Amino acid sequence: MDFDLSPEQQAFRDEVRDFIAQNLPSNAADPTAVQAWQRKVREKRWVGFSWPEDCGGGGGGIMEQVILKEEMAKAKAPPLGSCFMGLAWVGPSIAQYGTEAQKQRFIPDILDGKYQWCTGYSEPDSGSDLASLQCKAVLEGDHYVVNGQKIWTSIAMWSKWMILLVRTSNPKSQENKHDGITCLLVEMASEGLEVRPIRNMGGGAVFAEVFFTDVKVPAEQRLGEEGQGWQVTVSALAHERSSIAEVEGLKRNLDLLKEHAAGVERNGRPASEDPGIRRRLAVAETRVEAMRLNGMRFLTKQLKGDPLGSETSVNKLHRAALEVELGEIGVELQGSAGSLTDGIDDAVGGKWQKHSLGWPEVVIGGGTPNIQKNIIAERILGLPKD
Ligand SMILES: Cc1cc2nc3c(=O)[nH]c(=O)nc-3n(C[C@H](O)[C@H](O)[C@H](O)COP(=O)(O)OP(=O)(O)OC[C@H]3O[C@@H](n4cnc5c(N)ncnc54)[C@H](O)[C@@H]3O)c2cc1C
């Protein structure tokens, strides 16, 4: 591994640092300041930085993407762009498989964060085994008619559009179960589409069930060819996946916990001197470092032009365990204040309580730990299939 930056990369890093020093909003809770920041970041073409330039992206290389993410994460800057799913997978899928008209229609709005996209993949009986999905679409003239149900659809109630996976034909056998899946772009205001929010254990409702009853979707809103939906979906995962930004986020939380441990008492001594707490913090720190080094290995592979495969499951597993553990240490250090979200200073705005209740998003979303372990066992260690 050689991570010395070239003179051009150093110049880019300095440019990012200067930009942050001059423009980072001093108050991250001030929406006007954050919007102004987002506009400036967009002008630099750093939103969608890895996307092709002819789609309005920055055309950035892998190393530049890493530099940008790392510097932004270190500075605790707001996220690059405000349309999370649009930027993470809808936009990249449209850039790769979309018609020219679809690119013109959707990509600028995603980069500008004009509205939100949601993701209609999971169904009541199809989560880990997504290819078994049953929501059905039938082509009738110039439109598809969709019937079925989706579930756990994050931010469905606040989204204007959905990227939806439907079944347009039945696969010939279990081995071909990825066949016959098609991707549609659906307007949430469509007639026959109903969103029912689901309450989560943190008390909020950020995901929903979505029901489709004879929903008409114009055929020109199909992304890719009929039956190509699986390919369209997995292709969006092919960009930079070094987990560098996640590592920076975890390090920040670990630093906060260390400060917190030094400021509260356990058995009449600072909690940072308690052997149990010290051991848990040390284990977490070692695990974050393992994640960082794995990230470097992935990055090296990508820089050599090799595609990344199953190895990213290792970091997904580490991150899931770390997010749960850090939340639990935080709540434990807070003592009785750990049960409060606000009202007293020691509740620190409910940070650790929300963190420890928010784990399903990181742990389950994008594939559960069991599934990551299966992937590691079968595809990396070569163990028999389960
Ligand atoms: C916060 C949150 C947000 C989400 N947002 C979205 C979204 O926006 N859009 C969307 O489409 N989906 C979303 N999901 C759904 C998520 O993708 C699924 O929950 C996930 O894929 C697991 O599927 P499932 O819930 O059906 O569980 P199942 O697949 O039924 O799994 C149940 C249990 O069985 C285990 N299991 C399953 N198969 C195996 C196996 N082969 N070997 C060993 N163990 C196995 C799992 O690990 C799990 O513990 C979200 C989920 C969460 C928690």
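Couplings for segment 51-63, taken from phi via the Karplus curve 6.51 cos²θ - 1.76 cosθ + 1.60 with θ = phi - 60°, read 7, x, 5, 5, 9, x, x, x, x, x, x, 4, 5 Hz in order; Gly and Pro are left as x. Please count, across segment 116-230, the pairs of lysine residues with Cα atoms under 20 Å apart that sit 8 or more places apart or on different chains. Summing the qualifying lysine pairs gives 8. Summing Cβ point charges (Lys, Arg +1; Asp, Glu -1) relative to the Cα centre of segment 143-294 gives a dipole of roughly 540 debye. Out of G48, A21, A36, whose Cα points farthest toward the positive end of the dipole of segment 7-82 (charges: +1 Lys, Arg; -1 Asp, Glu; placed on Cβ)? Going by the charge dipole, the pick is A36.
Its Cα centre serving as origin, segment 19-148 has a Cβ charge dipole (Lys and Arg +1, Asp and Glu -1) of approximately 540 debye. Overall form of segment 116-230: oblate. Here a/c, set by the Cα gyration tensor axes a ≥ b ≥ c, is 1.5 or more, and a/b is not larger than b/c.
Each peptide in 320-327, 58-65 receives the mean, over its residues, of other Cβ atoms within 10 Å, and ordering these scores from highest gives 320-327, 58-65. Going by the alpha-carbon gyration tensor, a ≥ b ≥ c the square roots of its eigenvalues, is segment 7-82 rounded (a/c under 1.5) or, if a/c is not under 1.5, prolate (a/b greater than b/c) versus oblate? Oblate.
P(r) tail, the chain: Cα-Cα pairs separated by more than 27 Å, 56% of all pairs. For segment 93-197, the list of trypsin sites (Lys or Arg not before Pro) that fall in a loop by DSSP and count at most 16 other C-beta atoms within 10 angstrom reads K114, K172.
Once the other residues with Cβ under 11 Å from the Cβ of Q228 are scored (Lys, Arg +1; Asp, Glu -1), what is the net sum?
Neighbour charge sum, excluding Q228 itself: -2.
Within 10 Å of each residue's Cβ, count the other Cβ atoms and sort S93, S128 from fewest upward.
Ordered by Cβ neighbours within 10 Å, fewest first: S128, S93.
Assuming charge only on the beta carbon of Lys and Arg (+1) and of Asp and Glu (-1), the dipole of the chain about its Cα centre is about 440 debye to the nearest 20.
Cross-link partners of K316 among aspartates and glutamates, defined as those whose alpha carbon lies under 17 angstrom from its own and excluding same-chain residues fewer than eight positions apart: E240, E246, E248, E285, E289, E325, E361, E378.
Among R269, R252, the ranking by other beta carbons within 10 Å of each residue's beta carbon, starting with the fewest, stands as R269, R252.
Of the GluC sites (Glu not before Pro) in segment 186-289, the ones in a loop by DSSP (not H, G, I, E or B) with at most 13 other beta carbons within 10 Å are E191, E225. With neighbours defined as other Cβ atoms within 10 Å of a residue's Cβ, the residues I155, I94 order from fewest to most as I155, I94. Scalar couplings 3J(HN,Hα) for segment 19-35, obtained by applying the Karplus form with A = 6.51, B = -1.76, C = 1.60 to θ = phi - 60°, are 4, 5, 4, 8, 10, 4, x, 6, 10, 5, 8, 8, x, 5, 5, 5, 4 Hz; x denotes Gly and Pro. By the scheme Lys and Arg +1, Asp and Glu -1, what is the net charge of all other residues having a beta-carbon under 15 Å from that of L357? Around L357, the charge tally is -3. For C135, nonlocal amide neighbours, meaning residues 5 or more places apart or on other chains whose placed amide H falls under 5 Å from its own, are Q149, R167.
Only one residue of W352, G224, S6 has its Cα farthest out toward the positive end of the dipole of the chain, where Lys and Arg carry +1 and Asp and Glu -1 on Cβ, and that residue is W352. Relative contact order of segment 224-305: 38 percent, from C-alpha pairs under 8 Å at least 6 residues apart in sequence. Mean sequence separation of contacting Cα pairs (under 8 Å, at least six apart), scaled by the length of the chain, corresponds to a relative contact order of 11 percent. Mean separation of Cα pairs under 8 Å and 6 or more residues apart, divided by the residue count, gives segment 116-230 a relative contact order of 30 percent.
Read-outs: derived from the displayed coordinates by stated rules, not from any lab. Worth saying up front: this structure is predicted, and the values here are computed from it rather than measured. In this analysis, Cβ positions are derived from the backbone assuming ideal geometry, glycine residues included, and neighbour counts consider all displayed protein chains.
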